[in-house]
Protein chains: 2
Amino acid sequence: MRLMPTADAAQLDRAFHALADESRRAMVVRLSSGAASVSELAAPLDMSLPSVMQHLDVLQRSGLVRSEKIGRVRTCRLEPGPMRTLEQWIAEHRAIWERHFDRLSDVLDDTFPADPGDRR
Amino acid sequence: MRLMPTADAAQLDRAFHALADESRRAMVVRLSSGAASVSELAAPLDMSLPSVMQHLDVLQRSGLVRSEKIGRVRTCRLEPGPMRTLEQWIAEHRAIWERHFDRLSDVLDDTFPADPGDRR
């Protein structure tokens, strides 16, 4: 079995884990339309600021989000790389799996050919 | 903020969580090329059968995998729906975010127009 280098695997672990929570996904969705301060991220969420900071910490350790503090305001943004890595991982393996089903479908077509009268 | 119905959110939580582990991803990759028995899934993994069963349980609760026991053999397969849901979630939000960057890029192009001599 082809296994990816451990660093990539650990990055995928952290990124999938980061998205396995509705509040963290809401933060990512908010950031997908542009940078936001921590209080802007927290505003629509029904949770304490320390909880928001914990979720932000998970997102930052996953690499999906980075933040920068200027004065008293911490501004957060999405990072493109990890989201693209996730999407590629899913797309690649779904493609392999769908080719498998296409082959199965071809076998069924050969075994049970369609009535030529059905073709238009 | 538009929040999805809770059932969808819980399904996304479980599916992202299921993929946040290298061994479980290896099982999904194996199943993406066709159905497999539990011992076929376990063979390339350096872990006990009970651990494999625990990972399989997480995958099944996520909906990504289903299994069927006939006699003594439990056969596992991928389920298309949840993987597609994940891919759509990622693709949709990456698209929003990339449009945001495209607009930013347009602003920069207007502010700092390219030297017409560079165009070919």
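The values are calculated or read from the model by the stated rules, or taken from the named source; none is laboratory data. Nothing here was measured: the structure is a model prediction, and the numbers come from that model. No Cβ is skipped: glycine too gets one built from the backbone with ideal geometry, and neighbour counts run over all protein chains shown.
Across the stretch B:52-81, the qualifying residues are those that are of a type outside the set (D, E, K, R) and more than 17 Å from B:LEU19 (Cβ to Cβ), and the one among them that is surrounded by the most Cβ atoms within 10 Å (Cβ to Cβ) is B:SER67.
Residues to consider are A:ALA35, A:ALA18; find the one that is surrounded by 13 or more Cβ atoms within 10 Å (Cβ to Cβ) and either more than 17 Å from B:ALA20 (Cα to Cα) or at pLDDT below 90 (or both). Let's see the steps before the verdict.
Details: A:ALA18 fails: either more than 17 Å from B:ALA20 (Cα to Cα) or at pLDDT below 90 (or both).
None of the other options fit; the residue is A:ALA35.
Identify the residue in the stretch B:15-72 that is of a type in the set (Asp, Glu) and assigned to a loop (DSSP other than H, G, I, E, B) and, among all such residues, is farthest from the other protein chains (Cβ to nearest Cβ). The extreme case among them is B:ASP46. Annotation for the stretch B:56-75: at least one member residue is aliphatic (A, V, I, L, M), in contact (Cβ under 8 Å) with a residue 24 or more places away in the chain and farther than 23 Å from A:ALA10 by Cα. Within the stretch A:73-99, the set of residues being touching a Ser or Thr at 6+ places or on another chain (Cβ under 6 Å) and not in a strand (DSSP E or B) comprises A:HIS93, A:ILE96, A:TRP97.
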